[in-house]
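I have placed the structure first, in the form of structure tokens, so that the comments after it can refer back to it.
The values are calculated or read from the model by the stated rules, or taken from the named source; none is laboratory data. Since the model is a prediction, treat every value here as computed from it, not as a measurement. Backbone-built Cβ (ideal geometry, glycine too); neighbour counts: all protein chains shown.
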């Protein structure tokens with residue numbers, strides 16, 4: 001009874017345990033997702049595929065919205081369980097195994113949508129292999145959220161390693177592996193809104209240099225870009241707000257004319273100040 005009473009009086013302990021239990025559940029049930037368009041009877045050499053590379057957010061949001069927004073769009077869809085707690089290099093190796101297992105190299109074109117860890121992974125994979133049949137990549141990037149690994153490692157080193165393994169620390173110190181491949185059309189989806197975790201860690205955030213939303217700071221050459229007032233969690237739970245632009249880029253090698261190419265002017269923390 002004493003243990004229960006003490007535990008109930010420590011909100012942080014409850015949150016940490018809940019997050020840990022959630023993480024354990026997801027790890028046990030994580031799996032590759034493969035959605036083949038059964039209406040398309042053409043051989044792979046005449047078909048196109050979408051490769052979606054989620055990040056840490058997939059551990060607690062799952063891939064249901066990725067499936068919902070990209071299936072039945074004329075593409076085969078592949079979502080690998082590629083994230084390794086050990087290292088970024090292991091993420092790249094797991095992605096390589098997935099690509100070979102499902103013969104993605106046989107497709108006419110492969111289009112990639114990558115979240116933050118996915119961007120580090122796909123660029124490293126291409127550097128180790130080749131562009132091959134990858135035609136387009138849309139990177140989900142966030143000058144805000146990309147500070148979270150650094151902040152978590154500094155403020156919660158034990159818990160961050162417990163939940164995410166050595167990978168979280170490596171991500172916090174590894175420079176973005178910029179990709180410059182003329183054969184690939186690259187697009188940037190740039191988030192302008194802070195996540196709840198960044199709001200909770202705002203004291204640590206404010207000690208860092210002021211954030212810049214200039215796309216140059218992302219160090220990724222791109223054919224086109226657009227800004228969206230969503231945060232990193234929203235890109236999992238409300239993907240329908242961005243999916244049409246991503247699919248447009250896959251078809252046209254650019255975002256639609258109505259995509260917002262001006263940096264957001266709203267306070268990134270505005271939703272949490274109310």
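Details
- Annotation: of all residues in region 120-143 being surrounded by fewer than 21 Cβ atoms within 10 Å (Cβ to Cβ) and in contact with a strand residue (DSSP E or B) (Cβ under 9 Å, 6 or more places away or on another chain), the one that is modelled with the lowest pLDDT is 132.
- Residue match in region 136-143 (condition: in contact (Cβ under 8 Å) with a residue 24 or more places away in the chain and farther than 24 Å from residue 168 by Cα): yes
- Taken over region 145-203, the criterion of being surrounded by fewer than 16 Cβ atoms within 10 Å (Cβ to Cβ), within 25 Å of residue 248 (Cβ to Cβ), out of contact with any helix residue (DSSP H, G or I) (no Cβ under 8 Å at 6 or more places or on another chain) and touching a residue at least 40 places away in the same chain (Cβ under 8 Å) is satisfied by 180, 183.
- Residue count, region 29-56 (criterion: out of contact with any strand residue (DSSP E or B) (no Cβ under 8 Å at 6 or more places or on another chain), farther than 17 Å from residue 109 by Cβ and surrounded by fewer than 21 Cβ atoms within 10 Å (Cβ to Cβ)): 6
- Checked against (1) farther than 24 Å from residue 73 by Cβ; (2) touching a helix residue (DSSP H, G or I) at 6+ places or on another chain (Cβ under 7 Å); (3) in a helix (DSSP H, G or I), residue 208 passes all but a single condition, namely (3).
- Those residues of region 180-197 which are over 16 Å from the mean Cα position of the chain (by Cα) and at pLDDT 95 or above, in sequence order: 184, 185
- Test for residue 53: is it touching a residue at least 12 places away in the same chain (Cβ under 8 Å), touching a helix residue (DSSP H, G or I) at 6+ places or on another chain (Cβ under 9 Å) and over 28 Å from residue 166 (Cα atoms): no
- Of the helices (runs of 4 or more DSSP H) that lie entirely inside region 33-110, those containing 3 or more residues that are at pLDDT 95 or above and closer than 20 Å to residue 131 by Cα span 88-101.
- Any hit, region 221-236, residues being within 30 Å of residue 130 (Cβ to Cβ), in a helix (DSSP H, G or I) and out of contact with any helix residue (DSSP H, G or I) (no Cβ under 7 Å at 6 or more places or on another chain): yes
- Residue within region 242-257 that is more than 21 Å from residue 53 (Cα to Cα), in contact with a helix residue (DSSP H, G or I) (Cβ under 9 Å, 6 or more places away or on another chain), modelled with pLDDT of 95 or more and surrounded by fewer than 19 Cβ atoms within 10 Å (Cβ to Cβ) present: yes
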